[in-house]
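Notes for the one structure printed next.
Nothing in this text is a laboratory measurement; each read-out follows from the coordinates by a stated rule. Because the structure is predicted, anything quoted here is derived from the model rather than measured. FYI the Cβ positions are ideal-geometry reconstructions off the backbone, even for glycines, and counts take in every protein chain you see.
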Amino acid sequence: MASGDIQPDIHWMSTQGAAEKLGITVRTLYRLIDHGELAAYKFGRVIRLQEADVDGFINASRISPGSLEHLYPESKDISDTDVNLR
């Protein structure tokens, strides 16, 4: 790093804290780390994650509108039914 460059402060998270922020179990967090989907660092016997990496994972996991149509059945317009509602 050249002189004059400012290094941002790194905010470290425990695996428990990261799992809680993501709303998942620690076991699922370990799976994400092991599959390379989320970066983690081992310091001795302790595993830590950077808060910026966790936030980046959250942002990258955002669902695009129109990408979930396969999860719900096609709705029928009421005018397409033969039901008499009177």
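Please list 3J(HN,Hα) in residue order for the range 14-24, calculated via the Karplus relation 6.51 cos²θ - 1.76 cosθ + 1.60 where θ = phi - 60°; whole Hz, with x for glycine and proline.
6, 5, 5, x, 5, 4, 5, 5, 7, x, 10
Using 7 Å Cα-to-Cβ label points, what is the residue 43/residue 12 separation (nm, one decimal)?
0.1
Contour minus end-to-end for residue 67 and residue 25, with contour as 0.36 nm per residue of separation and end-to-end as the Cα-Cα distance?
Details: separation 42, 0.36 × 42 = 15.12 nm, distance 2.56 nm.
In short, 12.6 nm is gained.
Please list the three semi-axes, largest first and in whole Å, of the ellipsoid equivalent to the range 12-60, using sqrt of 5 times the eigenvalues of its alpha carbon gyration tensor. Provide the component values of the computation, followed by the final result.
Values: eigenvalues 43, 26, 23 Å².
Semi-axes (√(5λ), whole Å): 15, 11, 11.
Once the other residues with Cβ under 13 Å from the Cβ of residue 41 are scored (Lys, Arg +1; Asp, Glu -1), what is the net sum? Please report the intermediate quantities before stating the final value.
Values: positive: 42, 45, 48; negative: 51, 53.
Cβ neighbours under 13 Å give a net charge of +1.
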